[in-house]
Amino acid sequence: MVLAVIALTSLAALWLGARRGGLDVRRLRAAALESLDCVWTVLAFLGANIGGTIGMVVIGRMVVPEYLSIYVAGDPTLMVVSAIQGVLFHLWRRRGAGS
């Protein structure tokens, strides 16, 4: 069901972009490859943020007498912030390389 919705919205975006937005369908492959590069950047930030959070919890457990839960590393906020960091860094790197 979810895959069907994703397929329909993707086809709708393709149709609207080509028909109404004047986008060239032949450039879709290059855009898809660049989006994969952006996804890898997001995943790198997610890994660094989760690793940093776990590291801070481990250090905190040695310093603070109270129990610190490792579950904070699974906070969904980390995914959202990592996505913002990754997209921003990807765009900054892409624009900086062309200057």
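Suppose we filter 43, 8 for residues that are over 26 Å from residue 95 (Cβ atoms), assigned to a helix (DSSP H, G or I) and at pLDDT 95 or above; which single one remains? Exactly one residue qualifies, and that residue is 8.
Sort through 18, 73 and tell me the only one that's over 25 Å from residue 91 (Cα atoms), free of Cβ contacts under 8 Å to residues at least 24 places away in the same chain and assigned to a helix (DSSP H, G or I). Just one listed residue meets the conditions, 73.
Against the criterion of being part of a helix (DSSP H, G or I) and either closer than 19 Å to residue 91 by Cβ or in contact (Cβ under 8 Å) with a residue 60 or more places away in the chain (or both), residue 31 qualifies. For region 60-99, filtered to residues that are surrounded by 15 or more Cβ atoms within 10 Å (Cβ to Cβ) and of a type in the set (S, T, N, Q), the residue that is nearest to residue 46 (Cα to Cα) is 82. For residue 57, state whether it is surrounded by fewer than 13 Cβ atoms within 10 Å (Cβ to Cβ) and assigned to a helix (DSSP H, G or I). Considered against the rule, which asks whether it is surrounded by fewer than 13 Cβ atoms within 10 Å (Cβ to Cβ) and assigned to a helix (DSSP H, G or I), residue 57 comes out as no.
The values are calculated or read from the model by the stated rules, or taken from the named source; none is laboratory data. Everything numeric in this text was worked out from a predicted model, so none of it was measured. When we count neighbours, we look across all protein chains shown, and the Cβ atoms used for this are built from the backbone with ideal geometry, even at glycine.
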